[in-house]
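Participant: Structure in structure tokens, see below.
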Amino acid sequence: MYTALARWCIRSVHGRGHVRRGHGRVNGPCTMGTPAVYMPCLQPVPVFTDTGCNSVNGPRCRRPVDELLPSTDEECDEMKNIPYQEAMYLAQSIRQDIAHAVGLMSRFNTNYGRAHWSAVKQILRYLSKTRGAENVTVVACCSAAGHFIPPLVIYKGKRNKAEFADNLPPGSCVAMSDSSYITTDIFVQWLHHFNQHRVPGKLILLLDGHASHVNSIDVIDLAVSYNITMVCLPPHTTHYLQPLDRAFFKPLKVHYDNACRTFLSNHPGRQITKLQFGSLLSEAWGRAATPGTASNGFRACGIFPLNAAAIPDNAFMPSTASHTPTKTTPTTFAMLHPTPKISRARRPAANKTTQKAAVLTSPAYRRSFTDKLESSDNSKKATTERRRLFKAKKLATKKRVTGIRNLKFKPPVFRDRSPQTMLHQ
């Protein structure tokens, strides 16, 4: 039994921000790298360096905010040497779109503690890594026995260069797409890749309801030819039923973030591009893709060994409306991340339905999917015919109106019947 999942949460390119500072009319402004700006601000106090603050119990936590503030004279004197306000100014100057998080933190300018300083460092680290970032899709797959399929990495772009595959985990392959997301063609490529590394024999492949998995007859036929039974998980349940979500992707992201931090610390002034992504992913993949992690994921979901009690009872309860207070205290940087989203009115997508749980390779699903495609084609043909008739009718009406407008009326000829004219004729 295998499970596959594509995630878009791993960032590949971590660019550097910049701060423009004026030097008068003669020299003009100069551009300065973000690390060169904020690192001198973080270095004066050794105990508060840039390292060692992966997770921060920041300003908003279950404890009262007063407990985070300095209480003794020694703590107050210690925090006086921390360049908190300077770091806040740098965070606001580097990126204007982070002003919401900076605003929540700025209320502690007069009295701040260790947690607030750690949260500000998280903001500065985030700003230094997200300038010009580019997403990468990593398609991962593992079995209940602990066997991992080499990943498929999808970069954004048109041309697939050979150096993009350098230092990737052994057996990995690379694909390109316009949005760095998985498509039906790329999923077909992954099925060929999966068939080369899987255990021989008949197997079950667990998938989510992504359109690239369920909306193609070619995918179903290819899976049947490879003796693969594809099962689509119920919608909105992958946080409980997807083994990769339960046990693998969190440690993978943690190890990848640590590898990126180490690379940036050892190579100051450089940025992570597609050429360095392979080595960083290999380091994180080697630490996260262990047999125990895969087995624990299937066990946590209750899939293998089969255990219906693995899913708690509250997971089956209907959702309840939650009340969000208007005034909140600041939080950890993970909860502030990254900026408030601007709500925009969006039109609902036409004919977009949620894929239900089903065995995608079963004859019943294939028959229903074929009927759906035929009805869709007939509906498109009927719509096209209606549009053609409407355009023809509109064109005929336009021609008739134009003909009436362009009709020329000749003025009548009145003959003079006077006696002189008659004699002349």
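Each reported figure results from applying straightforward, stated rules to the coordinates on display, with no laboratory input. Note that the coordinates shown come from a computational prediction; the quantities given were computed from them, not determined experimentally. Ideal geometry is used to build each Cβ from the backbone, glycine not excepted, and the neighbour counts take in all protein chains shown.
Participant: Determine if the range 201-221 includes at least one residue that is within 23 Å of the chain's Cα centre (by Cα), closer than 27 Å to Glu134 by Cβ and surrounded by fewer than 16 Cβ atoms within 10 Å (Cβ to Cβ).
Facilitator: yes
Participant: Can you tell me which of Val214, Val219 is aliphatic (A, V, I, L, M) and under 17 Å from Lys356 (Cα atoms)?
Facilitator: Val214
Participant: May I pose another question? So for the range 236-247 (the condition being surrounded by 20 or more Cβ atoms within 10 Å (Cβ to Cβ) and either over 21 Å from the mean Cα position of the chain (by Cα) or aromatic (Phe, Trp, Tyr) (or both)), does at least one residue qualify?
Facilitator: no
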